[in-house]
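**Student:** Please find one structure pasted underneath; my questions will follow.
FYI, it's all coordinate maths here, none of it is from the lab. On a predicted model such as this, the values are computed, not experimentally measured, just so you know. Cβ: placed from backbone, ideal geometry, glycine included. Neighbour counts: every protein chain shown.
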Amino acid sequence: MLSTGNKNWQFGIYKTVCCGYEIVLIVGGEFPNCPNHKAPTEWKLVAEIESGEAKKSDSEPAA
Ligand SMILES: [Zn+2]
C-alpha cells in the first residue's frame, strides 16, 4: 500500500482509498495527506502516465 509520507516511484494518477480524491503525482513526490480529510491516508494507483510518450490515437482509419 502507498500511504502518506511515502515517496512515489511511478508517475501517475492516484486516489485516496478513504474518499476517492484524485491527484497526479510525479516520481519522487511524497504522498500527501488526504486533501478532504486533512489526515494521513492510503493512495491507490488509478492510471500510469508515461512521461514523454503520450500515446495519441489519431482518428486515422486503419488502412
Ligand atoms: Zn479522504
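**Student:** By how many nm would the segment from Cys19 to Met1 lengthen if fully extended, with 0.36 nm per residue of separation less the alpha-carbon distance?
**Tutor:** 4.9 nm
**Student:** How large is Rg/Rh for region 2-48, to two decimals, with Cα atoms and a Kirkwood Rh?
**Tutor:** 0.91
**Student:** Near Ser3, within a Cβ-to-Cβ distance under 12 Å, what is the net charge of the other residues, with Lys and Arg +1 and Asp and Glu -1?
**Tutor:** Charge balance in the 12 Å sphere: 0.
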